[in-house]
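Undergrad: I have a structure I would like to understand better, so I am pasting it below and will then ask my questions one at a time.
The values are calculated or read from the model by the stated rules, or taken from the named source; none is laboratory data. Being a predicted model, the structure only gives us computed values, none of them experimental. As a convention, Cβ positions derive from the backbone with ideal geometry for all residues, glycine included, and neighbour counts pool all protein chains shown.
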Amino acid sequence: MMGNAPSALIVEDHILIAQFLCRQLQKSGLAATHHTSAREAERFLQTSRCHVSFLDLNLPDADGAGLLKTWRRHYPSMPVIIVTADLPSETRHFCKNEGAAGILNKPFTTEQLISTLHQALPKEFWHYDTKHQCALSPRRGG
């Protein structure tokens with residue numbers, strides 16, 4: 001990941017959603033990395049640390065709900081935010097029970113993204129910025 005900026009992993013096969021996420025996260029001070037498949041993301045996580053992840057439930061090569069369960073077990077300090085277009089109540093309940101830090105229903109606004117991110121990351125990541133209302137601070141010591 002880049003420098004001292006907090007890092008985000010985006011696992012999303014819809015390129016426009018991924019581009020929107022990358023752009024907005026970078027504006028907020030995160031170094032964003034995008035992968036289109038679970039296999040790519042798993043390979044990335046074997047060698048890299050992320051402060052937060054955004055996980056699409058409907059990936060071409062994996063069930064996102066199962067991946068959420070695996071990630072919460074293997075990477076317990078990495079908040080996972082679910083990104084999905086269709087979320088039945090039982091799946092929403094499962095994701096919350098498995099430790100999802102938040103759920104973004106497509107389409108979502110920048111405000112919804114930042115609000116969900118703000119809830120997922122510890123408060124020491126944030127500082128007030130008059131231009132952007134809030135932004136991420138570089139992570140100290142880690």
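Undergrad: I'm trying to understand the selection: among the residues of the stretch 49-70, which are assigned to a loop (DSSP other than H, G, I, E, B) and closer than 21 Å to Gln112 by Cβ?
TA: The answer is Cys50, His51, Leu57.
Undergrad: For the structure I just gave you, tell me whether Phe54 is out of contact with any helix residue (DSSP H, G or I) (no Cβ under 8 Å at 6 or more places or on another chain), of a type in the set (Phe, Trp, Tyr) and in contact (Cβ under 8 Å) with a residue 12 or more places away in the chain.
TA: Criteria not met by Phe54.
Per-residue answers, yes or no, for (1) in a helix (DSSP H, G or I); (2) surrounded by fewer than 19 Cβ atoms within 10 Å (Cβ to Cβ):
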{"residue": "Arg72", "(1), (2)": "yes, yes"}
{"residue": "Ser77", "(1), (2)": "no, yes"}
{"residue": "Ile81", "(1), (2)": "no, no"}
{"residue": "Asp86", "(1), (2)": "no, yes"}
{"residue": "Glu90", "(1), (2)": "yes, yes"}
{"residue": "His93", "(1), (2)": "yes, yes"}
{"residue": "Ala100", "(1), (2)": "no, no"}
{"residue": "Leu104", "(1), (2)": "no, no"}
{"residue": "Thr116", "(1), (2)": "yes, no"}
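Undergrad: Can you name the residue in the stretch 14-56 that is of a type in the set (D, E, K, R) and at pLDDT 95 or above and, of all such residues, is nearest to the chain's Cα centre (by Cα)?
TA: Per the stated criteria, the residue is Asp56.
Undergrad: Still on this structure, I have one more. Return the pair list, or none, for Cβ contacts closer than 9 Å from residues in the stretch 61-77 that are closer than 16 Å to Leu9 by Cα to residues that are aromatic (Phe, Trp, Tyr), at least 6 apart or on different chains.
TA: Short answer, once both residue conditions are applied: Leu68/Phe94.
Undergrad: Could you check the stretch 1-48 and list, in sequence order, the residues that are surrounded by 14 or more Cβ atoms within 10 Å (Cβ to Cβ), touching a residue at least 40 places away in the same chain (Cβ under 8 Å), among the polar types (S, T, N, Q) and assigned to a loop (DSSP other than H, G, I, E, B)?
TA: Scanning the stretch 1-48 gives a single hit, Ser28.
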